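Where a number appears in this text, it was derived from the coordinates with a stated rule and is not lab data. On a predicted model such as this, the values are computed, not experimentally measured, just so you know. In this analysis, Cβ positions are derived from the backbone assuming ideal geometry, glycine residues included, and neighbour counts consider all displayed protein chains.
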């Protein structure tokens with residue numbers, strides 16, 4: 001019996017926003033990598049994200065371990081985008097503490 005060696009592409013796809021998702025799921029690469037870095041095993045990650053396959057999860061982690069520098073750069077970029085979005089929401093959203101104070105004042109009257 002002989003083994004046929006094949007090169008396989010990582011199970012990644014880029015969505016319309018530039019986010020990398022794993023396999024045919026909506027699970028983001030950063031979720032899997034952060035869980036792995038926090039000590040979760042691939043099996044545990046699959047339990048957390050039931051749409052992931054175990055093989056895709058192992059492939060994603062393997063790709064990360066072989067390409068840490070580029071994946072870390074991607075993760076930093078995603079964190080920067082998230083920070084900008086959060087800042088924008090805070091700018092658009094009114095200060096909820098003032099509203100809460102007014103509601104509590106009405107309630108106490």
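What to note about this one:
- The chain: most fluctuating residue of 29, 75, 92 per GNM, C-alpha cutoff 10 Å: 92
- Relative to the dominant Cα principal axis of the chain, helix 68-92 is inclined by about 20°.
- Residue 73-residue 7 FRET efficiency (beta carbon distance; Förster radius 22 Å; 0.05 resolution): 0.40
- In degrees, nearest ten, helix 54-66 long axis to first principal axis of the chain (Cα): 90 degrees
- Histogram of C-alpha separations across segment 12-108, 5 Å bin width, %: 2, 12, 18, 17, 13, 8, 7, 7, 7, 5, 2, 1, 0
- To the nearest ten degrees, helix 96-108 and the longest principal axis of the Cα atoms of the chain are 50 degrees apart.
- A straight line joining the Cα centroids of segment 1-57 and segment 79-107 runs 34 Å.
- Cα-Cα P(r), segment 63-106, percent of pairs per 5 Å interval: 5, 19, 12, 12, 11, 10, 8, 7, 6, 5, 3, 1
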